[in-house]
Amino acid sequence: MPTLFEKIIAREIPADIVYEDDLCLAFNDIGPQAPVHILLIPKKPIPRVAAAESEDQALLGHLLLKVGEVAESAGIKESGFRVVINNGENGGETVPHMHIHLLGGRPLQWPPG
Ligand code: AMP
């Protein structure tokens, strides 16, 4: 059964898409936790980062490289931002399709809750 994010990739569910290429998609989070809250996801349905395999090495690198580009487009590259990957129950993962949260537009506290 396809996940919510697979449905967004397939355009079966609408999303506010801010970046797309052959390997990944970025869209605004529906419940933003900061003025800028973007989700960057691989098109390949990797359930979570800990489920990635060695064959995904280049894809994972691609995603991290795109973080700076997406942050720049969103106007938060200079001011700073945070990337978060929630993994599993204690990590707060709710959608089993790997995603990178890109948060910015305000000072972020540390440590997270
Ligand atoms: P996580 O809790 O790390 O699994 O993150 C899942 C994120 O997906 C949450 O921040 C949700 O607000 C977000 N989300 C859920 N449904 C949608 C949707 N239809 N469009 C955009 N973001 C969504």
_Quick test for you: out of Leu103, Leu63, pick the one residue that is touching a His at 6+ places or on another chain (Cβ under 8 Å), closer than 21 Å to Phe5 by Cα and buried (at least 16 other Cβ atoms within 10 Å of the Cβ)._
Leu103
_When residues of segment 21-58 are limited to those that are more than 19 Å from Lys77 (Cβ to Cβ) and among the charged types (D, E, K, R), the one farthest from the chain's Cα centre (by Cα)_ = Glu55
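Tell me which residues, restricted to segment 96-112, are within 13 Å of the ligand (Cβ to nearest atom) and part of a loop (DSSP other than H, G, I, E, B). If you could, list the steps in order and put the result at the bottom.
We begin by selecting, within segment 96-112, every residue within 13 Å of the ligand (Cβ to nearest atom); these are 96-103, 112.
If the condition is that a residue be within 13 Å of the ligand (Cβ to nearest atom) and part of a loop (DSSP other than H, G, I, E, B), then Pro96, His97, Met98, His99, Pro112 are the ones that fit.
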*Of all residues in segment 66-100, which are in contact (Cβ under 8 Å) with a residue 12 or more places away in the chain, under 22 Å from Leu4 (Cβ atoms) and acidic (Asp, Glu)?*
Glu93
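Against the definition (touching a Lys or Arg at 6+ places or on another chain (Cβ under 8 Å), over 13 Å from Gly104 (Cβ atoms) and surrounded by fewer than 17 Cβ atoms within 10 Å (Cβ to Cβ)), how does Asp56 come out, yes or no?
On the way: touching a Lys or Arg at 6+ places or on another chain (Cβ under 8 Å): yes; over 13 Å from Gly104 (Cβ atoms): yes; surrounded by fewer than 17 Cβ atoms within 10 Å (Cβ to Cβ): no.
Considered against the rule, which asks whether it is touching a Lys or Arg at 6+ places or on another chain (Cβ under 8 Å), over 13 Å from Gly104 (Cβ atoms) and surrounded by fewer than 17 Cβ atoms within 10 Å (Cβ to Cβ), Asp56 comes out as no.
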*Scan segment 35-46 and report the pairs whose first residue is touching a residue at least 24 places away in the same chain (Cβ under 8 Å) and closer than 12 Å to Val70 by Cα and whose second residue is surrounded by fewer than 21 Cβ atoms within 10 Å (Cβ to Cβ) and charged (D, E, K, R), with Cβ atoms within less than 7 Å and a gap of 6+ or a chain change.*
His37/Asp29; Ile38/Asp29; Leu39/Asp29; Leu40/Lys66
*Does at least one position in segment 67-76 carry a residue that is out of contact with any strand residue (DSSP E or B) (no Cβ under 6 Å at 6 or more places or on another chain), under 27 Å from Pro14 (Cβ atoms) and among the acidic types (Asp, Glu)?*
yes
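Among the residues in segment 69-86, are any within 12 Å of the chain's Cα centre (by Cα) and of a type in the set (S, T, N, Q)? Even if it seems obvious, please write down each step before you answer.
We begin by selecting, within segment 69-86, every residue within 12 Å of the chain's Cα centre (by Cα); these are 70-71, 82-86.
Those left that are additionally of a type in the set (S, T, N, Q): 86.
Within segment 69-86, one or more residues are within 12 Å of the chain's Cα centre (by Cα) and of a type in the set (S, T, N, Q).
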*asked:* Being closer than 15 Å to Pro35 by Cα and exposed (fewer than 11 other Cβ atoms within 10 Å of the Cβ) is the filter here; which residues of segment 79-100 pass it?
replied: none
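Throughout, read-outs are computed from the coordinates displayed, never taken from laboratory work. Everything quoted here is computed from the prediction, not taken from an experiment. Backbone-built Cβ (ideal geometry, glycine too); neighbour counts: all protein chains shown.
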